[in-house]
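The next block holds one structure in the form of structure tokens; read it before the comments.
The values are calculated or read from the model by the stated rules, or taken from the named source; none is laboratory data. From a predicted model like this one, the values you see are computed outputs, not experimental measurements. Glycine also receives a Cβ, built like all others from the backbone with ideal geometry; neighbour counts cover every protein chain displayed. Accessible surface is based on the protein model in full, side chains and every heavy atom, while ligands, DNA and RNA are left aside. Shrake-Rupley method; radii C 1.70, N 1.55, O 1.52, S 1.80 Å.
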Amino acid sequence: MTISSKEHQLNEEIRDKELRVIDVDGAQLGILSAEEALKIAFEKDLDLVKIAPQATPPVCKIMDYGKFLFEQQKREKEQRKNQKVIEIKEIRMSSTIDTHDFDTKVNQAIKFLKGGDKLKVSVRFRKRTVAHPQFGEELLVKFKEAVSEVGVVDKPSKMEGRSLVMFVAPKAGK
């Protein structure tokens, strides 16, 4: 793992004639030459970091660069920890499913939706059942009503090969 991608110019790398310099506490020191700014930074035993190279004159700040990188990595790690990854769970049924099996699939779907995951509900047609897709449609309508308290249909049902597929997303605010 690399510690940092070199995105800031520091100390001797800064070649501009004039710089707008900001002190450690955020106070404006005004427009100084690169040598003066570097001298002030070294007196305080800190680094001179170019934070806004596109400005005229470029803006530099006197700071502890190592500490700055550490704080930045800590913030990024915290953001990664807080983000929720939404998975798509799949529930497969056949068009001739029995009532108890259907109830079990609905309970599993409700558990997934409460967990914040999206659902792909598919009804597989095997052999000659593919000639009667209306049974699959009825099954998906029944399924949609069964999970209506915790989920809403994201994409309506459509045939994909020998399967009828519908996507269900969790309701907002759950």
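As a ratio to 2.2 N^0.38 Å, the alpha-carbon radius of gyration for the chain is 1.92. In a fully extended conformation the segment linking ILE88 and VAL141 would gain 17.1 nm over its present Cα-Cα distance, using 0.36 nm per residue.
For the range 34-85, the alpha-carbon coordinates run over 49, 26, 7 Å along the three principal axes, in decreasing order. Nonpolar atom fraction for the chain, defined as the carbon and sulfur part of the 1.4 Å probe accessible area, stands at 51 percent.
Which Cα, out of SER33, PRO58, SER157, lies furthest along the positive dipole direction of the chain (beta carbon charges, K/R +1, D/E -1)? Projecting each Cα onto the dipole axis, the largest value belongs to SER157.
Whole-percent P(r), the range 11-67, all Cα pairs, 5 Å bins from 0: 4, 24, 38, 25, 9, 1.
The dipole here belongs to the range 37-104: it is taken about the Cα centre, uses +1 on the Cβ of Lys and Arg and -1 on the Cβ of Asp and Glu, and is about 540 debye.
With a Förster radius of 30 Å applied to the C-beta separation of LYS111 and ARG162, the computed FRET efficiency comes to 0.65. Cα-based radius of gyration for the range 88-170, normalised by 2.2 N^0.38 Å, reads 1.00.
Using 0.36 nm per residue and subtracting the Cα-Cα separation, the extra length available between GLU13 and SER33 on full extension is 5.8 nm.
Against the longest alpha carbon principal axis of the chain, how many degrees, from 0 to 90 and to the nearest 10, is the axis of helix 65-82 turned? So the inclination is approximately 10 degrees.
Taking the Cα centre of the chain as reference, the dipole from Cβ charges on Lys and Arg (+1) and Asp and Glu (-1) amounts to some 1460 debye.
Put a plus charge on the Cβ of each Lys and Arg, a minus charge on the Cβ of each Asp and Glu, and nothing anywhere else: the dipole of the range 11-67 about its Cα centre is then about 200 debye. I'd like to know which of LEU48, SER122, PRO170 lies farthest towards the positive end of the charge dipole of the chain, counting +1 on Cβ of Lys and Arg and -1 on Cβ of Asp and Glu. Highest projection toward the positive end goes to SER122.
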